[in-house]
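Here's the structure we're looking at; comments come further down.
The values are calculated or read from the model by the stated rules, or taken from the named source; none is laboratory data. Note that this is a predicted model, so its numbers are computed, not measured. Note: ideal-geometry Cβ built from the backbone for every residue, glycine included; neighbour counts use all protein chains shown. What goes into the accessible areas is simple: the full protein's heavy atoms, side chains included, and nothing from ligands, DNA or RNA. Shrake-Rupley method; radii C 1.70, N 1.55, O 1.52, S 1.80 Å.
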Amino acid sequence: MPNDTKKICSAALRLIAPKDWESLTLDHIAKATKIPLARVKKICADKDALLAALVQHFTNETKSAVGKINKNDSGHDRLFEVMMARLDVLQKNRQAITCILHAVKHNPKLTMILVPAQRQAMQDMLRFAGFADETGLRQRVITAGLLAIYAVTLCAWSRDQTPD
């Protein structure tokens, strides 16, 4: 089923790019992937679940892009490398991401879905960068800080028209 999830996310990104988030349906995804709608709904019950799945998809892609981090590098450098890898992954799907961000600006419900998904993603980014030892309140504060920085960066990235 992880392969089906990847197919669903990839199809959703392809379908969003020329249109917008609001017009995307699970039926469109089922047709594009040739996965029965019932199975698509089992993986992503609705578009809200799809949004969270897309965040996880980008996290998985980031992990693959980063590979093994050099533990001898400073924490700053490791985290910078991981976050740049995430932005590179997003860049490949820039049009779809900007469509989603546009939808989020106009629909607070989407923000409520994205915040926990992105919080988990930032915890994963910290773990990929070798900050797995942080726990409790310290871990939550660090994650919240990274999430805030990521949100501001993502807004700037979405407005940036340069190819790199």
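Data for the structure
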| read-out | value |
| --- | --- |
| Modelled FRET efficiency - R0 22 Å, Gln91 with Ala132, Cβ distances, 0.05 increments | 0.25 |
| Degrees separating the helix 108-128 axis from the principal Cα axis of the chain, which is the longest one | 40 degrees |
| Top positive-direction residue, dipole computed over the range 32-164 with Cβ charges, set Gln161, Ile100, Met83 | Ile100 |
| Kirkwood estimate for the range 93-158, i.e. one over the average of 1/r between Cα atoms, Å | 12.8 Å |
| Mean separation of Cα contacts under 8 Å (6+ apart) over length of the chain, as relative contact order % | 25 percent |
| For the range 1-75, accessible area per residue (1.4 Å probe, heavy atoms of protein chains only), Å² | 55 Å² |
| Sum of side-chain charges, Pro116 neighbourhood, beta-carbon under 15 Å (Lys, Arg +1; Asp, Glu -1) | +1 |
| Over 21 Å [Cα-Cα, the range 39-107], rounded percent | 40 percent |
| Radius 13 Å from Cβ of Leu37, net charge of other residues (Lys, Arg +1; Asp, Glu -1) | +2 |
| Given Lys7/Lys31; Lys6/Lys105; Lys71/Lys92; Lys7/Lys109; Lys7/Lys92, the pairs whose alpha carbons are separated by over 23 Å | Lys6/Lys105; Lys71/Lys92; Lys7/Lys109 |
| Unit charges on C-beta of K, R, D, E only; dipole of the chain, Debye | 500 debye |
| Charge tally in the Cβ shell below 11 Å around His28, where Lys, Arg are +1 and Asp, Glu are -1, His28 excluded | +3 |
| Cα convex hull of the range 31-159, projected area averaged across orientations, nm² | 9.0 nm² |
| Rounded FRET efficiency, nearest 0.05, which uses the C-beta distance separating Ala38 from Trp157 and R0 of 41 Å | 0.65 |
